[in-house]
Amino acid sequence: MTYTIGITGHRDIHPGVYEEIRGLVSTWLDEQINAKGADLKLLSPLAAGADQLVAELALEKGIELYVPLPFPVERYEKDFSHEERNDFYRLLEKAACTIELPTQPDDPSSYLAAGTYVAQNAHVLLALWDGKKKPELTGGTSHIVRCRMNGFPDETPGRKNRDVYWIRTARTTGFIESPKLQHITSYSDIPDRKEG
């Protein structure tokens, strides 16, 4: 059976912790390979930041990449800077599969659709997240983590796959905090985090 990893996370990882985050992700992926065997796949929409970082490392380790797209490629590429766009296309070329979700080209809820697809179709979700629950943006990292753990509005009751591994990830707009990997089992156990 294929074991599926999903990624959700921030686009703006602070450069001061980027290499440390990269190391934690690499180690965590190695642990997944050792525990689950070689038949792994990653679901990543390939947004800049966390999605592309984890996809890059997964591919290096021989994990297949599946890309659920929030928009058609021609529209999605407009979300990226020139460098991010080059990285997006480089990773997309290496994907085993792309999944075009039935979304509208300029509908912001398309990001929610992609995040929901990842969270609902993964055995485990890796979140590169600063841990802040507020403000919760629709389709943002905290929203996807909360729904993964507490259930999505349209989800069948009794769903068992709730595992989330969280790497505390500083953002360019926040203060720098040492990255830390945690296995979280309840959204309510995550303390509300504020700047400072």
| field | DSSP beta bridges in the chain [antiparallel fraction, %, rounded to 5] | value | 20
| query | Mind checking the dipole of segment 1-72: about its Cα centre, +1 per Lys or Arg Cβ, -1 per Asp or Glu Cβ, Debye to the nearest 20? | reply | 180
| task | Based on the mean of other Cβ atoms within 10 Å per residue, sort peptides 43-50, 135-142 so the most packed one is first. | result | 43-50, 135-142
| request: Using label points projected 7 Å from each Cα along Cα→Cβ, tell me how many nm separate residue 81 and residue 107, to one decimal. | output: 3.1
| said: I want to verify a result. In a Gaussian network model of the chain, Cα cutoff 10 Å, which of these has the top mean-square fluctuation: 153, 68, 15? | reply: 153
| request: Go from 0 up to the bin containing the longest alpha carbon distance in the chain, width 10 Å each, and give me the % of pairs per bin. | output: 9, 38, 40, 13, 0
| Mean Cβ neighbour count within 10 Å, used as a protection proxy, ranking 81-88, 143-150, 26-33 highest first | 143-150, 26-33, 81-88
| message | In segment 7-29, whose amide N lies under 19 Å from the spot 7 Å out along Cα-to-Cβ of residue 163? List them in ranges. | response | 7-9, 24-29
| If contacts are Cα pairs under 8 angstrom and at least 6 residues apart, what is the relative contact order of the chain in percent? | 26
| task | Quick one: go through segment 77-93 and flag any residue whose amide nitrogen is under 15 Å from the point 7 Å out along the Cα-to-Cβ line of residue 18. | result | 81-88
| FRET efficiency for residue 97 and residue 1, using Cβ-Cβ distance with R0 set to 25 Å, rounded to 0.05 | 0.90
| Mind listing the phi-derived Karplus ³J(HN,Hα) values for segment 166-183, rounded to whole Hz, using 6.51, -1.76 and 1.60 with θ = phi - 60°, and x for any glycine or proline? | 10, 9, 4, 10, 5, 9, 5, 8, x, 7, 7, 10, 4, x, 8, 9, 9, 8
| request: Sticking with the crude label model, points 7 Å out along Cα→Cβ, report the distance from residue 152 to residue 121 in nm, one decimal please. | output: 1.0
| request: Would you calculate a helix-derived [θ] at 222 nm for the chain, using -39,500 (n - 2.57) for each DSSP H run of n ≥ 4 and dividing by the full residue count, to the nearest 500? | output: -11000 deg cm²/dmol
| task | About the Cα centre of the chain, how large is the charge dipole given +1 on each Lys and Arg Cβ and -1 on each Asp and Glu Cβ? Please answer in debye to the nearest 20. | result | 580
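Just so you know, all these numbers are worked out from the coordinates, no wet-lab data involved. Please read all numbers here as calculations on a predicted model, not as lab measurements. Here Cβ is always computed from backbone atoms with ideal geometry, including for glycine, and neighbour counts include all displayed protein chains.
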